[in-house]
Structure formats: structure tokens, C-alpha cells
Amino acid sequence: MAALDDIVANLPIGDIAAKLGVDEATAKQAIDDALPALLAGLGANASDPAGAASLEKAVAKHDPKLIEGGVNLADVDEEDGKKIVKNVFGDNTDKVVTALDKKEGGAGDLIGKLLPILAPIVLSFLAAQFTKKQAEPAAASNESSGGGIGDLLGGLLGGGSGSSGGGGIDLGGLVGGLLGGGSGGSSSGGGLGDLLGGLLGGGKR
């Protein structure tokens, strides 16, 4: 099963840091926070059948070769990335970016610049994973539905086989993990946990 580390391993951290104007340690920390949030948003979309179908179409438009052998930052379409981020988070985009930036110390819209870089890479990674799954005859018939993208995202996010039903994505555990432990979603003050908890819980009540 693919994991977050598989995406991070293919990222040109040094190039991303240079583009963002920060050191590599700062860039790596920002990636470690932004990547799960992005995947969480994708997972929220995939928990709805129509959203899963739309996401699968978007994934199909991205070339798996972008992620193969390490990403060349020059090949990343940031304008495409901005559209992906907006589609994933919708009206919550600014809130998610602001909440994550605060977690990073509010350093000049770092997350706002990073997410459009990561988004096309993530979709290309998902495309590569789907290509691998389609090559497995026994699994191919089960991977064309929303459960396919949901299960794939659930694996990336570390969710088990479904305590919350959203394609195997453990939403509560995910939000807690984003916040560094704890349940996260019940904290007061409108923090990242409340925001992502509301975003991920959409349509499930």
C-alpha cells in the first residue's frame, strides 16, 4: 500500500525550498503539514459518489510520469494546481491555508504557495497508483468505483478499513494526526481541527 512517504520521497525538497524562499527544514515541515491536509480534502470529496467520480476523472488527466524517478519542479503546472486546490477545499480554501500558515508561524503565505505545487504532484501520484492497480487483474474490477479512490486515499492517510465508512478513511484519526495527536475535531476556537473536521464531516450527519 502506498504511503505519504512515497510521495515525499519523490519531492525535490531543495528546489521547493528555493522557490518558496525558505530553508529546506522549513519547506519539509510545511510539506509535512500541507500534504495530509490536501489528501484529507481529496478524501472528503471521495467519500461522496459524485465527488469520487469527479476526482477519478481529474486523476485520469494527470500523467503518472511526473512522479516517476523524482519530480522535476519545472514540469509542475501551478495554475493547474491552483484549480485543484480550489476544487478540493471550495469555499474553505482560504480558511485551510490560513490555519495551516498559522501552524507554520504565518511565514508569508507559505502554504498558499506550496499547495498549488503539491496538488498536481499528488494527482499524478494517484494516477500512477491507479495504473498499478489496473495492471492487477483481480483488483481491476473493484477499482473503477468511488471505493477505489477512497481506499487508495485511505491507505495514503493511514486510515484502516473503515471506522467512518468514507472509503476506509479514518476521519477522526486523520484530523487528530494533523494536529499532532488528540481527537482534534472537538477543540474550541475555530482551529485547524474544527475546520478540517467540519470539511471532512460534510454530508455525513
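The values are calculated or read from the model by the stated rules, or taken from the named source; none is laboratory data. Since the model is a prediction, treat every value here as computed from it, not as a measurement. In this analysis, Cβ positions are derived from the backbone assuming ideal geometry, glycine residues included, and neighbour counts consider all displayed protein chains. Side chains included, ligands, DNA and RNA excluded: accessible areas come from the protein's heavy atoms. Shrake-Rupley method; radii C 1.70, N 1.55, O 1.52, S 1.80 Å.
A few points about this structure:
- Surrounding net charge for LEU123, when Lys and Arg each add one and Asp and Glu each subtract one, Cβ distance under 12 Å: -1
- As a rough guide to protection, the peptides 76-86, 111-121 ranked by mean Cβ packing within 10 Å, highest first, stand as 111-121, 76-86.
- Percent of alpha-carbon pairs separated by more than 20 Å within the range 1-133: 41
- Sequence-separation-based contact order of the range 1-133, relative, with Cα cut under 8 Å and 6+ spacing, percent: 34
- Summed residue charge, Cβ within 14 Å of ASP15's Cβ, Lys/Arg positive, Asp/Glu negative: -1
- Charge context of ASN72, other residues only, Cβ under 11 angstrom, K/R +1, D/E -1: -2
- Taking every protein chain into account, the accessible area of the range 1-133 amounts to 45 square angstrom per residue (probe 1.4 Å).
- Structure note, pairs LYS57/LYS103; LYS65/LYS95; LYS83/LYS133; LYS57/LYS102; LYS61/LYS86: Cα-Cα distances above 24 angstrom occur for LYS57/LYS103; LYS65/LYS95; LYS83/LYS133; LYS57/LYS102.
- Rolling a 1.4 Å probe over the protein heavy atoms of the range 1-133, with every protein chain left in place, gives an accessible area that is 49 percent carbon and sulfur.
- Modelled spin labels at ASP77 and THR98, positioned 7 Å past Cα toward Cβ, are 3.1 nm from each other.
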